[in-house]
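The next block holds one structure in the form of structure tokens; read it before the comments.
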Amino acid sequence: MEDDVRALLTETRTWAVVGLSPDPWRDSHRIGKLLQDRGFRVIPVTPKADEVLGERAYPTLADVPEPIDVVDVFRRSDQAGAHVDEAIAVGAKGVWLQLGVIDHDAAQRARTAGLRVVMDRCPAIELPRL
């Protein structure tokens, strides 16, 4: 998994953040902002807002009109699998399941489809380690 962490944080630029909240106090908002500050293009995926972090938000991954490198999932573990399947369907290069988001079956489906997978980790913790 360390190779996947490094690759997703150094070889990608466009991250779709599923569950990105417009509330600046939420972890998803903080991490989205951190990714933006580090030079990543962040695409909010949430049906709860039209715009987050100055970027147009989309209700689903399928609605995003541009290529996505990484799908970063800020949803409960029991909902993560559906978003991993969407990531596979839109041709993402990887999926990143945030701290506490664990779905081994979905991770295996993604790996089988050729995606890099990071699970139960946070970019805010991993970026300084690089």
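The values are calculated or read from the model by the stated rules, or taken from the named source; none is laboratory data. Not measured: the values here are computed from a predicted model. Ideal geometry is used to build each Cβ from the backbone, glycine not excepted, and the neighbour counts take in all protein chains shown. Only protein heavy atoms, including side chains, enter the accessible area calculation; ligands, DNA and RNA are left aside. Shrake-Rupley method; radii C 1.70, N 1.55, O 1.52, S 1.80 Å.
As a summary of the residue check, VAL101 satisfies the conditions (1) assigned to a loop (DSSP other than H, G, I, E, B); (2) surrounded by 19 or more Cβ atoms within 10 Å (Cβ to Cβ); (3) more than 13 Å from the chain's Cα centre (by Cα) except for the one numbered (3).
Determine whether LEU61 is within 16 Å of ASP4 (Cα to Cα) and either among the aromatic types (Phe, Trp, Tyr) or modelled with pLDDT of 95 or more (or both). Taking the combined requirement at face value, the residue does not satisfy it. Taken together, the residues in segment 59-80 that are more than 10 Å from the chain's Cα centre (by Cα) and open to solvent by less than 10 Å² (accessible area, probe 1.4 Å) amount to 2.
Quick one: THR46 ticks every box in (1) buried (at least 18 other Cβ atoms within 10 Å of the Cβ); (2) under 24 Å from ARG6 (Cβ atoms); (3) not charged (D, E, K, R) bar one, so which box is it? For THR46, the exception is condition (2). For segment 81-91, the criterion of being out of contact with any Leu (no Cβ under 7 Å at 6 or more places or on another chain), surrounded by fewer than 16 Cβ atoms within 10 Å (Cβ to Cβ), more than 17 Å from LEU115 (Cα to Cα) and modelled with pLDDT of 95 or more is met by no residue.
Checking each residue in segment 1-16 for being of a type outside the set (A, V, I, L, M, F, W, C) and open to solvent by less than 100 Å² (accessible area, probe 1.4 Å) picks out ASP4, THR10, THR12, THR14. Checking each residue in segment 108-130 for being open to solvent by less than 60 Å² (accessible area, probe 1.4 Å), without any contact (Cβ under 8 Å) to a residue 60 or more places away in the chain and part of a helix (DSSP H, G or I) picks out only ALA110.
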